[in-house]
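Read the structure below first, then the notes.
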Amino acid sequence: MAHHKSALKRIRQTEKRRLQNRYYKKAARTAIKNLRDLKDQAEAQSFLPKVISMIDRLAKKGNIHRHKASNLKSRLTRHVNALAS
């Protein structure tokens, strides 16, 4: 167990940040799943920017790699565009 005040504070901060990161990551995963389940293109097109924003925020904070974010956005956009046909 840590003995310094700063180390104890760091432990508290890390735990708080870990739970926040977990929440945002799970929320984004759920949003991606919901977008993939949509069959109506108009609905999917309106939901896509919200999901892309969530993905960008995760990449900016370092929760997911920027290349993974790029790949996710690309595949989701292709999925939404494919709903037209």
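The numbers here are math on the coordinates, done by the rules we state, and not lab data. Please read all numbers here as calculations on a predicted model, not as lab measurements. Backbone-built Cβ (ideal geometry, glycine too); neighbour counts: all protein chains shown.
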Using 0.36 nm per residue of separation minus the Cα-Cα distance, give me the extension gain between N34 and K73 in nm, one decimal.
-> 12.6 nm
Here are some values of semi-axes √(5λ) of the Cα gyration tensor in Å: [x] 24, 14, 12; [y] 18, 15, 12; [z] 36, 12, 8. Which one was computed from this structure?
-> [z]
Hits among lysines - C-alpha to C-alpha of K39 under 23 Å, sequence gap 8 or more where chains match | K26, K50, K73
Label-point separation, A27 to H65 (7 Å along Cα→Cβ), nm | 2.6 nm
